[in-house]
Amino acid sequence: METSDEKLVIAMPKGRIFNESLQLFRQAGYPVSEEMMEGSRKLIVEVPEESLSFLLVKPMDVPTYVEHGVADLGVAGKDVLMEENREVYEILDLKISACRISVAGMSDWKPVLNPKVATKYPRIADRYFREKGQQVEVVRLNGSVELAPIIGLADRIVDIVSTGRTLQENGLVELEKIASITSRLIANRSSYRLKSGWMDRLCERLDGLVNGRGNVV
Amino acid sequence: MAKPRIFEKPMGVRDFLPEFVSKKKWVEKQVEDCFRSWGYREVITPTLEYFDTVGKASAIEEEKLFKLLDGQGRTLVLRPDQTTPISRVVSTLMKEEPFPIRLCYHSNVFRAQEREAGRNAEFFQSGVELVGDHSPEADAEVVALAVEAMKACGVQNIQVAVGHIRLLNALLEHVVQEPEMIAKLKQSLGRRNLVEFRESVQSLNGSDKKQMVLSLLTMKGGQERLDQLAKMDGGKQVAEEVTHLKAMWHALEDWGVASRVVLDLSLVGSLDYYTGVYFEGYGSEGYYLLSGGRYDRLLEQFDRPASARGFALKTDRLVMASTQGPDHPERVALVYSRNMRYEAFQIANRMRRQGKAVSLFVKESDRSFDSLAGYDRVEEVIGDGNL
């Protein structure tokens, strides 16, 4: 049941993952240029010749847009998906923006009596320590998480690590890895069914690109 | 916690204003006419049930149940779905009635409040249960009825995706063997996480195996997929389930709904609950409108084992997805002076019998009729029984 005359709306994360995902779409043959995305402060970018429309949103919000169906597809980091736990289809590993989510602390960290963990990812942290059978207090921060162990707000942090430089510069070390992170293509539940023709084509193109199979346009 | 303001309601519950209510009633009427004409009879069960009976047997996970305590401290639940209470009724009050039993319902169901606005704690469902018939035709009947009900509400672009959990199981058991791996693969599908599914497949031994399990993700379509499955050497269990699914498909073809149906073996519902066919219905501008399937293990929990299947329409979404609606009667404001009270009532009743919605307004010196702006027509009674 093909509805290719319809528009496909894709929620894209602003920031770190943005350029890489944009490049991927471009390589897959979709005419999206950086200028048209970055030149303005637009939140919606239309690509009428492909019946595509991009929403530029906060990375953490991508799964929300997709779950509620205002976007058919989205690009979201696995960290965001783990934290948000939304009812969406996780259809493709785009293998971009690779990093990991880890527990870190001061280089001389030792177990403390009342452990506290600072993080932007309270649900991931809570779940991880619970599964390890440890009760920790999770302190939610919105940024500069590395500061917390230095000034004694928490004894450890849970955060994204890519090169480890930020940790190093702040005298922190990676203690445990929680999970590997890459960006994923996610789909709304209904769109996955009702726009399947459209979506299969896009997935095929991206899959070919990411996994080195198939014909790249 | 701050004391609630007067406009506040508990999270996840809603008020419904006349416009929505009239459309909702219309939708329920269309659906109801459909159900009744297919021989389904409506039942009403209580809002409150025991956690130990209906709560535990329900397909809804415990943390999503809306729980409270009764006077004796026993745990109650607000009914989380309608299938479980109906199974209780079929197994107890209707114990003597022979199978198959066809029942339907329109009701509100409850879920514990979720973390954000937009997720409802109370919502409406209409659905059917067909209990005590193990034929593939019975499975086909509820799928066909689901399509019919959506059509009756003017839903466009209807599509029903059909999976089969027993067939999926049999295929996985034939190819994969390790029970932990099978469970993991099914869980990934249940969470709609195709990436995780593919990752698990990579850890299997043998490229044939990998290929076979991966092909489940692309097993979408109609007759051609069934032929493909039938040719496969998957053992006795697989062959049995394929035969059942094929018979169901042929019934759907005979009944003219196969064009609305897409088989998709990667579609699974609640894993511990469904025992065969599982399906979801979609339509109009991206609405997820219904889910249902075969649940052969539920009735035995109420001591009357039987095969059963049914579906529940998500009424709230059906109201939004429906392209049609009720015809609204003309709303008439009939204004009269007190000495014409008798006549005004006669006139109003005559107009009511003609299908108009008539409200009476007595003229008083201190009354302004600004409030009549919302009426389609304003009439004044001036003479002896005429307008």
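The values are calculated or read from the model by the stated rules, or taken from the named source; none is laboratory data. These figures come from a predicted structure and were not determined experimentally. Neighbour counts are summed over all protein chains in view; Cβ atoms, including those assigned to glycine, are modelled from backbone coordinates with ideal geometry. The protein model used for the area step is the full one, side chains on, heavy atoms only, and it has no ligands, DNA or RNA in it. Shrake-Rupley method; radii C 1.70, N 1.55, O 1.52, S 1.80 Å.
Side notes on the structure shown:
- Scanning segment B:216-227 turns up at least one residue that is more than 23 Å from A:CYS203 (Cβ to Cβ), open to solvent by less than 10 Å² (accessible area, probe 1.4 Å) and under 31 Å from the mean Cα position of the chain (by Cα).
- Taking the numbered list (1) buried (at least 20 other Cβ atoms within 10 Å of the Cβ); (2) without any contact (Cβ under 8 Å) to a residue 60 or more places away in the chain in turn, A:ASP126 passes all entries but (1).
- Close pairs (7 angstrom Cβ cut-off, 6 or more residues apart or separate chains): more than 14 Å from chain B (Cβ to nearest Cβ) in segment A:1-26, at pLDDT below 85 and open to solvent by less than 10 Å² (accessible area, probe 1.4 Å) anywhere: A:LEU22/A:VAL32; A:LEU22/A:MET37; A:PHE25/A:VAL32; A:ARG26/A:VAL32
- The set of residues in segment B:329-356 that are open to solvent by less than 40 Å² (accessible area, probe 1.4 Å) and either closer than 28 Å to B:SER22 by Cβ or modelled with pLDDT of 95 or more (or both) comprises B:VAL332, B:ALA333, B:LEU334, B:VAL335, B:TYR336, B:ALA344, B:ILE347, B:ALA348, B:MET351.
- Of all residues in segment B:370-384 being surrounded by 10 or more Cβ atoms within 10 Å (Cβ to Cβ) and more than 16 Å from B:MET340 (Cβ to Cβ), the one that is modelled with the lowest pLDDT: B:SER371
- Residue identified as out of contact with any Cys (no Cβ under 9 Å at 6 or more places or on another chain), free of Cβ contacts under 8 Å to residues at least 12 places away in the same chain and in the same structural domain as A:GLN23 (by TED's automatic domain parsing) among A:ARG193, A:ARG165: A:ARG193
- For segment A:85-111, the tally of residues that are assigned to a strand (DSSP E or B) and either among the hydroxyl-bearing types (Ser, Thr, Tyr) or within 13 Å of chain B (Cβ to nearest Cβ) (or both) stands at 6.
- Any pair with Cβ under 7 angstrom, 6 or more apart, that starts in segment B:177-198 at a residue that is over 18 Å from B:ASP264 (Cα atoms) and away from chain A (no Cβ under 13 Å) and ends at one that is assigned to a loop (DSSP other than H, G, I, E, B) and modelled with pLDDT of 95 or more: none
- Of all residues making up segment B:314-328, the number that are open to solvent by less than 20 Å² (accessible area, probe 1.4 Å) and within 24 Å of B:TYR273 (Cα to Cα): 1
- Of all residues in segment B:283-313 being within 14 Å of chain A (Cβ to nearest Cβ) and within 14 Å of B:VAL160 (Cα to Cα), the one that is most open to solvent (accessible area, probe 1.4 Å): B:TYR287
- Among the residues listed as B:VAL261, B:VAL257, B:VAL242, the single one being closer than 15 Å to B:ALA170 by Cβ and not small (Gly, Ala, Ser): B:VAL242
Residue by residue, here is whether (1) of a type outside the set (S, T, N, Q); (2) within 17 Å of B:GLN159 (Cβ to Cβ); (3) part of a helix (DSSP H, G or I) holds:
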{"site": "B:ASP227", "(1), (2), (3)": "yes, no, yes"}
{"site": "B:GLU240", "(1), (2), (3)": "yes, no, yes"}
{"site": "B:HIS244", "(1), (2), (3)": "yes, no, yes"}
{"site": "B:TRP249", "(1), (2), (3)": "yes, yes, yes"}
{"site": "B:LEU252", "(1), (2), (3)": "yes, yes, yes"}
{"site": "B:SER266", "(1), (2), (3)": "no, yes, no"}
